[in-house]
Each structure stands twice: as C-alpha cells, then as structure tokens.
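Asks: I'd like to ask you about the structure that follows.
Laboratory data are not the source of any read-out in this text; all were calculated from the coordinates shown. Please read all numbers here as calculations on a predicted model, not as lab measurements. Methodologically, a virtual Cβ is constructed for each residue, glycine included, from the backbone with ideal geometry; neighbour enumeration extends over all protein chains shown.
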Amino acid sequence: MDVEFEPRIVAFMCNWCTYAGADNAGVARLQSPANVLPIRVMCSGRVSPEMVMRVFRAGADGVLVMGCHLGDCHYASGNHRTAKRVPLLKNLLSYVGINPERLELHWVSGSEGPRFVEVTRAFTEKIRQLGPLAQEVAE
Amino acid sequence: MIEEIRTIVAGLLDELDAVVALRRSGEGVAPHLFQKGDDLSELEIAPRYPLMTLVSRLHKRFPAIRLGVVARGCDERAYIEMAKRNQIDPDRLSIIGFACTAEEAQECYCARPYPQQLLVGTPPPPGPVNPIVAEYDALPLAERRAFWRRHFARCIKCYGCRNICPECFCEACAMEDAVWVEPGLLAPPFPTFHLIRAMHMASRCVACRECEHACPAHIPLTVLYDLMRRDMEALLGYVPGADIAAPPPLSVTLEETPLRVARGH
Amino acid sequence: MDYRNTLTTCIYCGAGCQMYIETIDGQITGVWPAKTNQISQGRLCIKGWNVTGFVDSPDRLTTPLIRKDGELVPAGWDQALSLIAGKLRAVRQESGPDSIGILASAKCTNEENYLMNKFARAVIGTNNIDHCARLCHAPTVVGLAAAFGSGAMTNSIPEFETDTNCFLIMGSNTSEGHPLIASRIMKAQQERGARLVVIDPRETQLARIADLYLPFRPGTDVAVLNGLMHVIISEGLEDRLFIAGRTEGYEEMKAVVEQYTPERVEEISGVPADRLRQAARMYAQNRPSAFIYSMGITQHTTGVDNVKSVANLAMLTGNLGIVGAGVNPLRGQNNVQGACDMGALPNVYPGYQAVTSEEVQKKFQDVWGSTSHTGVGLTVTEMVNAVGEGRLRALYVMAENPMVSDPDLNHARRCLERAEFLVVQDIFLSETAQLAHVVLPGAAFVEKDGTFTATDRRVQRVRKAVEPPGEARADWEIICLLAQKMGATGFDFASPKEIMEEIARLTPSYAGISYERLEELGFLHWPCPAPDHPGTPVLHQGRFARGLGRFHAVEFQEPAELPDADYPFTLTTGRSIFHFHTGTMTRRTAKLHQEVPEAYIEMHPDDAARIGLNGGRRVRVSSRRGQIELGVRVTRRIKPGVVFIPFHFAEAAANALTNAAIDPTAKIPEYKVCAVRVEPCHQDVS
C-alpha cells in the first residue's frame, strides 16, 4: 500500500513582516497547509546557507525563505543580503544535483495574510509533485 | 626569471622589514621570511604555497611590519580579497609580482595567470576553462548528484581545503559548528559539510587551486567553486581578486551591487 | 625576528607524513603541509593539521615528580634520577636483573629506543624490554619472519598510487587509521581503475567505495584466507612458476586449503560463497596486487596464523618481490617499526639479532662493555602480570600508557597498583603515570631531534622546532643521565646524530643510514647496508630474506571467547580518525576533541531494538572482566551480533572489557574479539 507523501516544508519568516503576515492569515481564519513548520528569524538576512542546508538534511523536502519587500526591511538592507544569497544557494544546490526548486524566496508583508497562504499552498503542492528530498540525497 | 626576482628582493630589503617568499633548504621548500642579510640564492618560486596566509599572520602579529611578497596572480588576488576584509594592510605590503608559465596556467585552468602588479616575466595565454565546468550545464540533476556523491564519499574531514585556503580566516568556522554539521562522522554529512564551504567561497574564491592540491581524497573541489565564481560574475558582476575597490557584494546593498538577471540552472 | 619552518615527521600514525612546524621567535605559530615530502605530498589528515595542538597544553609535565605520602610532588632532576638509580641498583643487587622490566616507546625516536635497549641490556643486564608492538604487530614480526625471513612491510607506499592494480584490504580501516595511505589507494582507484576489495566486519569508508566488500564474522580470518586460496587453486589461478622456484611447503598448505570450500567458509565466516570467489579472482587476476592489513589481522589469539595465511596468499599468486604488490602491514604508531628495529623487544637486539646467540651477545658486549646473559625476556603482557605477582619489582616505562592500551584493564590496574617501584617518563600525567612512584617529564616530538621509521621501513628525520616546557628534557637525554647516574659508560652522546652513528655500526640494516644522508635524501628505506646504498623500497626481489618463501599449513581456530547466552554480542575494538590510541594528545587538542568528545559504541538497529534501546542514547556494556557506560551510535555499517568501541577514551575504556587471552607465539592479546552484554542505561524518572 502506498503511503501518500506529505511534504515537510520549513519556512523561515522574518519577524517584522512575514511572521506578522502569517499571524494575520491565522486571525482571518485563512488555512495555510499544516505541512509548513515556521521558524521565526528577526530578519530574512539572518538566514544563512548553513541553516537552509541543515534543515534540508534534517528532513525538510522544501524550504521557504520569506521576508519584507525590498525597501521595507526593518533593518534597512538586511533583505538585500537575502536577495543575493538565495539565488546563489539555489544554483549551488542544483550543482550538486538537488532540485533548486526546493528552495524559494518570497517577500510577504505583514498585511499580506492571503498572500502568505497562497505562497505556502503553492509551494507545498510543488514539493508534493517533486517528491521527497530523501530520494535525492539518499545514502 | 628567478634571478631577476632575487635581485629585486635584494634591493627591496633595504627599505622593507622582510619579504615573504619560498625558500629551498635541506628540508625542502617552504614559506619563508627573507630578511636583510639572508642568502637569497635560496629563494624559490615552486612548489607554490598560499603566501598571503603568512602575510596576514605577520601583519596581525606585528602591526608595524612592512613586508614584500613574491606573488603570482593568484597570490595577488588572494591579497585583494583579504585586504578588503581587513586581513592584510595594503599600505604595508609591496607586491613583487611574477607571471606563471603557460603550463602552470593550463594546469590551474587559470584565467589570469599573472598579477596586476607584474614585475617579472611575460603574461602567458590564459588556461582553458576546466572541461567539467564548461560542460556542466548539460549534466542532468541525477548525474550531478552521482558525481558529487561519489567524490564526497571519500572525504576524510581533514579540513585541508579550509586550512590551506588564504580566504578562510574565520576563527569560528561554520564547518566546525556542531549545530550545522554533525561532528565526528566519516564521510562528513552531505550536503552540509561541503556546501557550507562552497557558499562561503562564493565571493572569496580566487581560484588558486590550493584546496584541491591539499585534498587527500582527490575531490575536484575547484569544479564547485568555479561554478560559484561563474554565478558571482553573472549574478552580481563580481570577480574576486579583480578590483580592490569593489566591495564584497554579499555584504553590501543592492544599490551598490545590483542583482543581474538570474541565470537558469 | 626569527621565522622558521622546521620539517619534521608526524607523531601520530605510521604513514610517515611530514609537515613544517612554523615558529616565530621560538613560538609555534602554525603548520604547513610539506609539498616535497614523498608520503604526504602537500596533504595532511585532521590529526596532521592539528599536530601541535597538544604541545602547549597546560597539562604538560614540566618537572620530575616523586610520590611522597601518597601524592606526587615536584622534585629536582638530580633528586629524581638519584632515587631511580639507587632503587634500580638495589633491586638488581637483591633480586637479579630480571626483576626489572623496561617498556620502551613506539612514540619515541629510534635513538631513544636504541638507548632504552642499551640501558636494559648493558646497564641493567636484562632482556625484559618490550613495547606496544606487542599489542599490535607482534604477529607480523613473527609471522612474516617465519614466512619470508623478514618481519616488515614488503613494499612501499608510493607504489600503491603508481603501480598497484588491485588492493585487498583486510583488517584495516585505512581511511581512518592511515588516511594518507588511503589517499594513494583512492587515487589509484580513481585514476588508474585499480580494483579495491575490502574484507571487514564493519562497512568502513573504504568498504563503501570498494568494488567488492566482504563483511565477515570477527575472528574467522584464517577461514576466509584459506577460502580465497582454495578458489585460486581450484580455478588454476595460482602462479606455478613462483611457487616452484621461490617457495617451499606448498603441498602441505594446499592439502589444508583444499578443505576450505567457499561453502564451508560461508558457514564459518558469513562471507557469501560467490562473493568470496569474486574476491579471489579479482586479487589473483589483477597483478600486481597489494595485500594491506592492520590490527584486524593481528590482534587475535590466532594472530600469527592470520599473518602466515596472508603470506601464503601473496606467495600463491606471486605477489611478492615486485613493485606494487606485497604484504603490507600498516603499522599504527609513528615509530613502532623503528622501536622494533632498535631491539626494544625481549628476544632480539637491534636489527633482529637474537639475544640467545652467543655470537650476537659477544658483538654487543664488545661495543657496550657489558650485556645481558639471561634468556629471552618478558613481553608487555607478561610484565604486567609479573609486576602483579611481585616477580618484577621495578618497571621503567617510557611514553606508553598500558593503563588504557592493555587488555583487561581492571586486571592491569590491580597488577600495576601493586608495583613496588614504577617509573613513568611521559609528556602528560597519563593514566599509567598517575600510578607511578617517580614521573619524569619528557619532550614532545617537536622538542627534540631524532628519526622515526615509518611502516614502509622509511627512515625520516624528526627535528626540534621549539624548546621543551619548564624542566622537561628530551627522552634520549634522560636515559643518558640515568645511565650515567648508575655508573654506566657509553651514554655520553652529544646529540642524536651520534647515537645514530652507533646504531649504524651495530645494526646491519641501518648501516648506511646517517644524518648527512638523511639531510641530502630526505629518507632511506632499510635495508640500507652500506653508506652508498640507496635503500630498499621493495623487499624479497629475486629471493626472500630467508632464501625460499615458506608456506605454512594453517587451520582455522575459533577466538578464545565467543558470545553466549550471558554475553550475546561480539565486541570488536579499533580506531577513530579523530583520535589516536589512548588519547593523551588528541583529547587535549581542541579541534580533535570537538569532533568526538567522548566514547561511543556502534550497534546495528536490529540489535538496538533487541535490547530495548527505544531511542535511548546511553548503554552499559559488560564483559566478564569489566563494565563501562557510554553513548551509542546506531548504524547499519556493522553486522547484527557485532558491536564496536573505539579504544581512545580512558573513562569508558574499551579495554576494561577486552580479553587478555594471547597468541601463543607472539603474545598479542585478542583485542578484536570478546563477548559482551549491552543494556540500555535507564535514567531515573522522578
């Protein structure tokens, strides 16, 4: 019997924008997928490549990095670093044969509750299609 | 060529405190600090070592020391990146640059086998791009996976790649942090151990190839780092070691170093 | 400003890598790999990169210590040496020279081991000198001497990269025990398509990249080796010319091997019959084939039998006396080969010249002025027992730590605690030194000159880069001072260079070795019998050291202690790349300690389930001899029924569990097999 694959998603969310946005979605009773494990960081720029990779290794099938829109960062330019890092990290993942689509960067503000839900739902479905990461990094 | 270098060094030792170069003795060839009065016939240029590591060490230990260094293109590139990060003081360093041979350029797949401050030798033609790198985009994901799985399986976690790298000067290294990399395992955890370094090399790797030479497991590390360098140039217009005035892009704003169109994988 | 890079040889394993110790104004500031060294070629393992990590430890011994009212208190050199000299003289007077024992050191230089052997024989008059080779490659020395006439690695490390076509690795976790040797194997596989066959109870790193991996039950080596030979003979893959022209004893061996069908071997050892056949063919048909082994072959009650079987296999296929082939024991310590060469053994003088030979005795007597005339002396394992029984009244230990490395540690502790007079010379207050009556502070390898002999008989220089701390002194100086205190002559050497000159005069295989030649050439392989001889990388070319190679007919015997209802698991022990032996140096090196801070046991998930571990992290492991508690790593790399513990951790010492049963000829303990029970540690829930 086939057990249906439920993707495990980890979402790094910046405290000032995205986390507030997720909160808002909850208050508005909007349902985002239960697959998503939130990790709050003070700024999306805090998310280092080692965090993302460790989370993949620990069993995440997909990772979202989410923060304030450019220009809105609580720390002025923290998200600039994110903007540069994530594409580089995606490419690096692809170079070792890990599907880069398993990592996505989105700007989601505190008032974008519905958008938060839309992003997480779409990403979860995409990862469901891609299948478990364990198959890609299996020993 | 080497006689010319020795003569230049001899002259410079009148004004500088010391010159960092390789020395041949009964104990092989090793990095050395030539001071006034030393026998310069012992000065060598091969087999090469990452001399900027020593320059950095000396600059920090002796805040007033004025040094020269006999440098290849990669040494100078390493210096440029280290100077930007306050590891070497450009005001206290004179570069005695010399050109690599055509064979050396080929062996290292080196795009710029000579320093900007070139004093000795003529620039040879650049080496080719590593064929594995050149053809990499055509490889499907599964083959890339198999390639690195096979190579990383041999890693014995010597940290030689990091230890020998002139750009790896962090006192607290993420590769050693048990939070990110489970300690005490052979082969070290995939993908964390190697990819943490590869990401950290993104704006620093100057393609000196020392990491690959230091690897007892013969892992083609430079393939991964060359791909990161390629992205660094394509995405952020940045070439490590090219311009001492160019800020490291990952540390500054998008206004200073904008993102170009992301290339496909 | 004094900036220096001093080329020296690594203190850890027997590969013989070299590195530069960088010093600025006499202080160690870094390590550079040596790009011109033939072994390391600009690479190092994690221990090599961190080789100076322990040198400045605050735990370094800096003064002699004498036990007063139960406590070790600092003392002066003169006081300490006088005390030792007086006591040794008295003991010798009252009870004879054989009431004194000496443990030399596989960590110390050739010069120091030579002086210890001279001290034991010329000053004390005993042959009770041994060292930790007893615990590791004693069967190699005995077994290969019997088979070939020389007990050493037959080929040299660089050949693995350039010439070997097939590696058969049995009982060696090479990428962890000898990383830079594994580096050559990996390169050969990658660049020349050399075949790799690994036979090991655990799926080691090399096993995972091997062309063929054969897991097998610990202690069944003879069966597996006989099985390989059975296949080779029955398929006509043996080298008949070699057998006919260069060996003797073939028919008797063949008759025994005929009984070891692959099916029978599968029953005994667990190796699938078809895989055994594949391995045999791979080894026989891809000459030159190198057999590489380490403790997995030697640390058994059948250690000598195991080694002889390895020798049989190599002779059977003509894999001797040619480049890239051979029988290649990887010696664990940086200078265990040298310590053996220097006669730190109870039955031989330097150069393996027998103590029982009157001619040899006379030769040494003539140069030294005196020597021992007692018979073959006691081994390490026998000395510990003799101390316990009072037959050995005094024991002088240089740079060895039997309190962690001996088998059945509780027994060893009871014996050594009873020592009437124990002197320990070391750089740290090791577990053994903690029991001593007098402790002498020696020098670390970066603090003295000398030579080490690597596993492939390669003699290389060790060079002083910094001064020893406090009042610590080079071990060769200490031995000389002690000998002089005892009224001996022949110990006034101005430098290790002079000691080597004496060694060369008395040791035929080292006769052509001198510091001048080592400066010029970097290394020399013994035998080097003359000052213009280039050294001998490959042994037994054309003829064996004993003339013809000798086949031995060897039957399989079970290990001494097998699992049973009370102790249902087989414990096997070994190394981790991140530590070295008893951990005195590596556990004081931050970069190594952080990788593996404490002991662990490897266990198969089925076994973890069977004992009810349920995700628990710690277990209690007991044998008939002792009990320890430690963390557990559940892994599929080990077979069900077998558990593994690395022996580096004194507080959870694997050797508290191991069996002191020994090989009858080589006297090596059976570290690789004993029976244990494993139970989860239940934390109090309250």
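Asks: Please report, for the Cα atoms of chain C, the Rg to one decimal and the Dmax as a whole number; what are they, in angstrom?
Replies: Rg then Dmax for chain C, in Å: 24.1, 77.
Asks: What is the gain in length, in nm to one decimal, between C:Q594 and C:E71 on full extension, counting 0.36 nm per residue of separation less the C-alpha to C-alpha distance? Walk me through the intermediate numbers first.
Replies: Details: separation 523, 0.36 × 523 = 188.28 nm, distance 3.19 nm.
The span from C:Q594 to C:E71 would gain 185.1 nm if fully extended.
Asks: Of the options C:N659, C:V222, C:G76, report the single residue whose Cα projects farthest towards the positive end of the charge dipole of chain C (beta-carbon charges: Lys, Arg +1; Asp, Glu -1).
Replies: C:V222
Asks: Consider all pairwise Cα distances in the range A:9-138 and report the whole-number % of them above 18 Å. Could you put the intermediate results ahead of the total?
Replies: Values: 4131 of 8385 pairs.
Taking all Cα-Cα pairs of the range A:9-138, the fraction more than 18 Å apart is 49 percent.
Asks: What's the ranking of B:219-227, C:323-331 by average number of surrounding C-beta atoms within 10 Å, highest first? Walk me through the intermediate numbers first.
Replies: Numbers: B:219-227: 21.9, C:323-331: 26.4.
Highest mean packing first, the order is C:323-331, B:219-227.
Asks: Let me ask something additional. Order these peptides, A:68-78, C:196-206, by their mean beta-carbon neighbour count within 10 angstrom, highest first. Before the final figure, lay out each step's value.
Replies: Details: A:68-78: 16.5, C:196-206: 24.5.
Going by the mean number of other Cβ atoms within 10 Å, highest first, we get C:196-206, A:68-78.
Asks: Additional query: Using the alpha-carbon centroid of each, what span in Å lies between the range C:179-238 and the range B:46-79?
Replies: 45 Å
Asks: Now a separate question. Based on Cβ point charges of +1 for Lys and Arg and -1 for Asp and Glu, what charge dipole magnitude is obtained for chain C about its Cα centre, in debye rounded to the nearest 20? Intermediate results must be reported in sequence, preceding the final value.
Replies: On the way: 69 positive and 78 negative charges, 118 e Å.
Around 560 debye, computed over chain C.
Asks: Over the range C:154-329, with a single point scatterer placed on each C-alpha, what log10 of the ratio I(q)/I(0) does the Debye formula yield at q = 0.15, 0.16 1/Å?
Replies: Relative scattering, expressed as log10 I(q)/I(0), comes to -0.76, -0.88.
Asks: Could you tell me what % of all Cα pairs in the range C:353-419 have separations over 21 Å? Walk me through the intermediate numbers first.
Replies: Values: 900 of 2211 pairs.
Cα-Cα pairs of the range C:353-419 separated by over 21 Å account for 41 percent.
Asks: Something else about it: Calculate the FRET efficiency for C:E235 and C:D366 from the Cβ-Cβ distance with a Förster distance of 56 Å, rounded to the nearest 0.05. Each step should come with its number before you reach the end.
Replies: On the way: r = 56 Å, r/R0 = 0.99.
It comes out at approximately 0.50.
Asks: Per residue Cα convex hull volume for the protein assembly as shown, in cubic angstrom? Working shown, then result.
Replies: Values: hull volume 212.4 nm³, N = 1090.
Hull volume normalised by residue count: 195 Å³.
Asks: Specify which residue in the list B:A111, B:A83, B:A134 is farthest towards the positive end of the charge dipole of chain B, using unit charges on the beta carbon of Lys, Arg (+1) and Asp, Glu (-1), about the Cα centre.
Replies: Of the candidates, B:A134 comes out farthest on the positive side.
Asks: Filter C:K187/C:K667; B:K60/C:K591; C:K87/C:K667; C:K362/C:K667 down to the pairs with a C-alpha to C-alpha distance above 31 Å, please. Walk me through the numbers before you get to the answer.
Replies: Working: C:K187/C:K667 37 Å; B:K60/C:K591 22 Å; C:K87/C:K667 29 Å; C:K362/C:K667 28 Å.
Table pairs above 31 Å Cα-Cα are C:K187/C:K667.
Asks: I've got another one for you. In vacuum, with every alpha carbon of the range C:23-120 counted as one equal point scatterer, what does the Debye formula give for log10 I(q)/I(0) at q = 0.11, 0.13, 0.16, 0.23 Å⁻¹? Two decimals, please.
Replies: Those come out to -0.62, -0.80, -1.00, -1.31, one per q.
Asks: Of the DSSP beta bridges with both residues in chain C, give the percent that are antiparallel, rounding to the nearest 5. Don't skip to the answer; put the middle values down first.
Replies: Numbers: 47 of 89 bridges.
Of all bridge pairs located within chain C, approximately 55 percent are antiparallel.
Asks: Something else about it: Could you derive backbone 3J(HN,Hα) for the range B:142-152 from the dihedral phi with the Karplus parameters 6.51, -1.76 and 1.60 (θ = phi - 60°), listing whole Hz in sequence and x where the residue is Gly or Pro?
Replies: Running phi through 6.51 cos²θ - 1.76 cosθ + 1.60 with θ = phi - 60° gives 4, 6, 4, 4, 4, 4, 6, 4, 4, 6, 5 Hz.
Asks: On to the next question. First select every other residue whose beta carbon is under 15 angstrom from the beta carbon of C:A553; then total the charges, Lys and Arg +1, Asp and Glu -1. Display every interim value, and only then the final one.
Replies: Details: positive: C:K254, C:K308, C:R550; negative: C:E248, C:E251, C:E252, C:E258, C:D305, C:E555.
Within the 15 Å Cβ shell, the charges total -3.
Asks: Let me ask something else. Would you be so kind as to identify which of B:P258, C:A436, C:L506 lies farthest towards the positive end of the dipole of the protein assembly as shown, taking Lys and Arg as +1 and Asp and Glu as -1 on Cβ and the Cα centre as origin?
Replies: B:P258
Asks: Separate question: Where does the range C:392-435 land on the Kirkwood hydrodynamic radius, alpha-carbon pairs, in angstrom?
Replies: Details: mean 1/r = 0.0955 Å⁻¹.
10.5 Å is the Kirkwood radius here.
Asks: So, one more: Which ³J(HN,Hα) values, rounded to whole Hz and listed in residue order, are derived for the range C:633-649 from phi using the Karplus coefficients 6.51, -1.76 and 1.60 in 6.51 cos²θ - 1.76 cosθ + 1.60 with θ = phi - 60°, glycine and proline given as x?
Replies: 10, 7, 8, 8, 7, 10, 6, x, x, 10, 10, 10, 10, x, 9, 7, 10
Asks: Turning to a different aspect of this structure: How many angstrom lie between the C-alpha centres of the range C:130-174 and the range A:87-126?
Replies: Each part reduced to its Cα centre gives a spacing of 55 Å.
Asks: Of the DSSP beta bridges with both residues in the protein assembly as shown, give the percent that are antiparallel, rounding to the nearest 5.
Replies: Numbers: 56 of 124 bridges.
Taking every DSSP beta bridge with both residues in the protein assembly as shown, the antiparallel ones total about 45 percent.
Asks: Further, regarding this structure: So how far, in whole Å, is the C-alpha centre of the range C:340-418 from the one of the range A:1-67?
Replies: Rounded to whole Å, the Cα centres lie 66 Å apart.
Asks: Here's something else I'd like to know. Starting from the exponent 0.38 and prefactor 2.2 Å, build the expected Rg for the range B:2-120 from its residue count and divide its actual Cα Rg by it. Provide the component values of the computation, followed by the final result.
Replies: On the way: Rg = 13.5 Å, N = 119, 2.2 N^0.38 = 13.5 Å.
The reported ratio for this selection is 1.00.
Asks: In what order do C:R240, B:R209, C:R633 fall by count of nearby beta-carbon atoms within 10 Å, going from fewest to most? Kindly include the intermediate steps, with their values, before the conclusion.
Replies: Values: C:R240 11, B:R209 20, C:R633 16.
Exposure proxy ranking, most exposed first: C:R240, C:R633, B:R209.
Asks: Per 10 Å bin, what is the whole-percent P(r) computed from every C-alpha pair distance within the range B:131-230?
Replies: P(r) over the range B:131-230, rounded to whole percents: 15, 50, 32, 4.
Asks: Viscosity 0.692 mPa s, temperature 37 °C: give me the Stokes-Einstein translational D for the range C:3-49 in µm²/s, with Rh taken as the Kirkwood radius over C-alpha pairs.
Replies: 308 µm²/s
Asks: Here's a follow-up. Hey, got the average number of other protein chain Cβ atoms within 10 angstrom for residues in A:48-60? Could you put the intermediate results ahead of the total?
Replies: Working: counts 5, 10, 13, 3, 3, 11, 10, 1, 3, 9, 1, 0, 0.
The shielding value for this peptide is 5.
Asks: Further question on the same structure: For the range C:569-684, what log10 I(q)/I(0) values come out of the Debye formula at q = 0.16, 0.18 1/Å, with one point per alpha carbon and no solvent?
Replies: -0.75, -0.92
Asks: Report the charge-dipole magnitude of the protein assembly as shown in Debye, nearest 20, computed about the Cα centre from +1 at each Lys and Arg Cβ and -1 at each Asp and Glu Cβ. Please list the in-between numbers first.
Replies: Values: 113 positive and 126 negative charges, 216 e Å.
Taking the Cα centre of the protein assembly as shown as origin, the dipole is about 1040 debye.
Asks: Right, here's the next one. Only four residue types carry charge here, +1 at the Cβ of Lys and Arg and -1 at the Cβ of Asp and Glu. Report the dipole size of chain B about the Cα centre in Debye, rounded to the nearest 20.
Replies: On the way: 29 positive and 34 negative charges, 149 e Å.
So the magnitude is around 720 debye.
Asks: Computed FRET efficiency, Cβ-Cβ of B:E255 and C:E679, R0 60 Å: what is it to the nearest 0.05?
Replies: Between B:E255 and C:E679 the formula returns 0.40.
Asks: Can you tell me the Rg and the Dmax, both Å, for the Cα atoms in chain B?
Replies: 19.2, 60
Asks: Do the sum for chain C: with -39,500 (n - 2.57) for every DSSP H run of n ≥ 4, divided by all residues, what is the mean residue ellipticity at 222 nm, to the nearest 500 deg cm²/dmol?
Replies: Details: 25 runs with 218 residues, N = 686.
When only DSSP H runs of four or more count, the value is -9000 deg cm²/dmol.
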